[in-house]
Amino acid sequence: MNKLFLIDGSAYFFRAYYALPPLATSKGEPTNAIFGFSSMLHKLIKEKKPRYLAIVFDSKEDTFRDEIYEDYKANRKEMPDDLSAQIPYIKRVVEAFKIPVVEKPRFEADDLIASIIHQLEDEKDLEIVVVSSDKDLMQLVNPGVVLYDPAHIKGPKTYDKEAVKEKFGVEPRQVRDLLALMGDSSDNIPGVPGVGPKTAADLINRYRSVENLYSHLDEITKPALKKNLEDHRGDAELSLRLVTLEKDVGESFKLDKFLYNGPDNDMVVDLFRELEFNRLLKDLEIKRSEKKSGTSDVKRGEYVSITDKKVLEEWIRKIEKCKRFAVDTETDSIDPIKAKLVGVSIALKIDNKIEAAYMPLRHKSDVVPEQVPVKEGVKLLKEVLENEKLKKIAQNIKFDYLVFKGDGITVKGIDDDTMLISYCLNPASQHNLDALTLYYLNHQNISFQEVVGKGASQITFDMVPLEKATPYAAEDADVTLRLSEVLGGELSKDKELQKLYRDIELPLAAVLAEMELRGVKTDRAYLKTLQRELGEEVEKFESRIQQLAGEQFNVNSNQQLQTILFDKLGLPSVKRTKSGYSTDSEVLETLAPLHPLPKLIIQYREVSKLKSTYVDSLLKLADDHGRVHTSYNQTIAATGRLSSSNPNLQNIPIRTELGKKIRQAFITEPGWLLLSADYNQVELRLLAHIANDEELIKAFKNNHDIHTSTAAEIFSVSYDDVTEEQRRQAKTMNFGIIYGISPFGLARQLSISQDKARSYIERYFERYPSVKAYMEDSVKSARENGFVRTIFGRRRYLPELHSKNPAVRSFAERMAINSPIQGTAADVIKVAMLKIADQFAQEKLKAHLILQVHDELIVEAPEEEMDKIKSIVEKEMTGVIKMSVPLGVSIGTGKSWADIL
């Protein structure tokens, strides 16, 4: 049997908009409704393979219902701006999918669907499927018509006659009578007051229709119901007219008009690339037509396998001729410090043609019998990779740099890193090679799993045969070279971003690689002792917690903890989650004054987390020399900040006793010292400079304690008379203002009333008016441009500024205020790292940068170099940028990280 699918288009793009969180392109254009709508269409076509298909839209003009009832749909909010901006794209999606469109002035989509069904329901061997969740359309269900809701909360659901009756308690043809009695608040249909779904169903089942009900009104025995029906007969009859679907819209519909021949693949690909729907592009599994220009011209079949020295020498001559090439490594591990170089791929452009090759070096000999001998291959590679005149391109150069280091090669002449260019262009997008290739080149890479397998059967790359390894590896180098050209073109459109990339992000990759390679020494004996002590402390806490609870239970189980806190102890529940009541730290802090157990759980969690996250982890991650090699993530934080993993050193508590114990484990070699250089209140100094606020600038220039100065201004006391409590409150305000703190947020942090918090904020802005002006201007500029910038030109896109959700929009406004400050602070410390590393190299010092944590740099150096190191570090860190206020740096030294504090 053939099927005709009629999609309620207007309902679906509205539904997609409200169902999905804010989504946007890298340019800040909203796309959540388009994405949800496109996903629905793609899934429907893929799964149902419709022979006949049409999409039906509401009229833009008022309909006949607006004429008979002025308040029809009057309670609906005006269409949000970020939804109306997506409607032209919705129409383009439909056009690209080549779906026949039905719309007609003065009629809603429901009426058009009803009219189509009325004209075609007698067609032989045809079932009509209405794709919608609209209950009004259920009145159309009959033996040849079903309603299909693909976005039902419990999964796709089909409504036939039985399902409609189960839902409403009446036959499909009686749904309009039911709705006329009970009304519909979503469309502002009045109905009869006091008549809900059950009463309406009972009445319709008994009297069959609204008309017949009013013919037998004297049979109603309930006085209140009877009175309501009598008093609101006009409303019931009006409602019946409003919910009854028009089956004659004055247009003829023929089945062959809805014959569906599939999408225009070229149009779909072009549109989805424009909208940055990478995931959908991948799911579509469609290719452009052969005639289309711009098709991916990656030719895997032409890749070369380099298995002897003679061929390698030929490729080196090619590299020397073109002077610029892409390089990629294949390894036996994702940890670049431990990984062995298994093979190298190269791509270059000669006479406007890209050539690519893969050279195996350490594949298993029984899998790849012919390979360039490792010693000869590495020697020849070293000559090329260390030649600064030969420019190298990579995707994630830091990884390749570290892998080559394992074979004694220091890569020089790094010219491009496609991952870093992508990050500079839009930090919030995906930067992995597969995503970039799909988006910019319209090409689907061979996946890693296709080559090495999955799960328990997965092999390492050194076991991959050459016929599989070469296409996979050479393709990575090939697309990296192509991407460098495309991304480089995009970057060249923004000179500030280009400078940020060339002067900061790209050279920083090698500095970070050297820091990771050096690592930081840990005291294993001390860590083992600390591990035992903290383990004993964890056990003591568990015992005391269970004693207070009066029973044995798993302290790490949120479900069991909920039962103890809220059922057994009867403590008030503060916050709900999907699985019950929250027991997070915020909730426990709130409950702490009411019972000693929550405080104990907080302490238990702190000790337990530090033990597992740091002590256990550091012992596990340390190499044979006791050195830990954290990995710096350069392309994750939207603000430009670096993060670290394996282990994450950014989250070690600074001021707690336990945090100090962890830092005590980071030590130096005999005869060496650690130097810590920490920027003083860098974000507040940047705020003073960017906002150009006279009072803040004056406080920093006079070398005043900024929090004491702020307290003196806010509380109208002299600088010398500021109390510790006033300074504490001013400190909370200073840092809170940077993040756009609200009166509610400040009140919570200071444990004061919202009115008092509001008055503090008002006084702050009275004293520092330029700060308020900066905040307002920053939000306004971000809303107009779609992004904010740092002093160094870094961009952060904020599409959420146009969100319909006030909480999401408010968060984006806070980011618009904070990102230029936090992002500039990130840029400042990155520039400082580059300058310091450069000076150490120029002066041929033994010192090494080994850690970067927030606004702090840690250097490891011989004791005899320390005076010189202090001078270099202070000079370079304070001289990064000329500002209206000085950059302050606190410097200290010690045998361990804890000794410095």
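Restricting attention to region 655-681, the residues being out of contact with any strand residue (DSSP E or B) (no Cβ under 9 Å at 6 or more places or on another chain) and either of a type in the set (Val, Ile, Thr) or without any contact (Cβ under 8 Å) to a residue 12 or more places away in the chain (or both) number 5. Looking only at residues in region 588-639 that are of a type in the set (D, E, K, R) and either touching a residue at least 60 places away in the same chain (Cβ under 8 Å) or touching a His at 6+ places or on another chain (Cβ under 6 Å) (or both), the one that is surrounded by the most Cβ atoms within 10 Å (Cβ to Cβ) is Lys611.
Among the residues of region 119-162, those identified as in contact (Cβ under 8 Å) with a residue 12 or more places away in the chain, in a helix (DSSP H, G or I) and out of contact with any Pro (no Cβ under 8 Å at 6 or more places or on another chain) are Gln119, Leu120, Lys135, Asp136, Leu137. Selection of region 83-103 for residues being outside any helix (DSSP H, G or I), over 26 Å from the mean Cα position of the chain (by Cα) and buried (at least 20 other Cβ atoms within 10 Å of the Cβ) yields Phe97, Ile99, Val102. If you take the residues of region 44-69 that are surrounded by 11 or more Cβ atoms within 10 Å (Cβ to Cβ) and in contact with a Pro (Cβ under 8 Å, 6 or more places away or on another chain), which of them is modelled with the lowest pLDDT? By that ranking, first place goes to Ser59. I'm checking my understanding of the structure. Among residues of region 671-728 that are among the charged types (D, E, K, R) and not in a helix (DSSP H, G or I), which one is modelled with the lowest pLDDT? Selected residue: Asp705. Looking only at region 481-492, decide whether some residue is closer than 30 Å to Val372 by Cα and charged (D, E, K, R). Checked against the condition, which is being closer than 30 Å to Val372 by Cα and charged (D, E, K, R), region 481-492 yields at least one hit. Can you find a residue that is in a loop (DSSP other than H, G, I, E, B), closer than 15 Å to Phe13 by Cβ and in contact with a helix residue (DSSP H, G or I) (Cβ under 6 Å, 6 or more places away or on another chain) anywhere in region 62-82? The answer is no; no qualifying residue exists.
Pairing residues of region 740-753 that are surrounded by 18 or more Cβ atoms within 10 Å (Cβ to Cβ) with residues that are among the aromatic types (Phe, Trp, Tyr), at Cβ distances under 7 Å and at least 6 apart in sequence or on separate chains, gives Leu746/Tyr760. As a summary of the residue check, Asn442 satisfies the conditions (1) touching a Gly at 6+ places or on another chain (Cβ under 9 Å); (2) under 29 Å from Leu517 (Cα atoms) except for the one numbered (2).
Scanning region 567-584 for any residue that is without any contact (Cβ under 8 Å) to a residue 12 or more places away in the chain and surrounded by 14 or more Cβ atoms within 10 Å (Cβ to Cβ) turns up at least one such residue.
The residues of region 509-523 that are of a type in the set (A, V, I, L, M, F, W, C) and farther than 21 Å from Ile393 by Cβ, listed by number, are Met515, Leu517, Val520.
The values are calculated or read from the model by the stated rules, or taken from the named source; none is laboratory data. Just so it is clear, the model here is predicted, and its values are computed rather than measured. Counting neighbours? That spans all protein chains shown, and the Cβs are built from the backbone with ideal geometry, glycine included.
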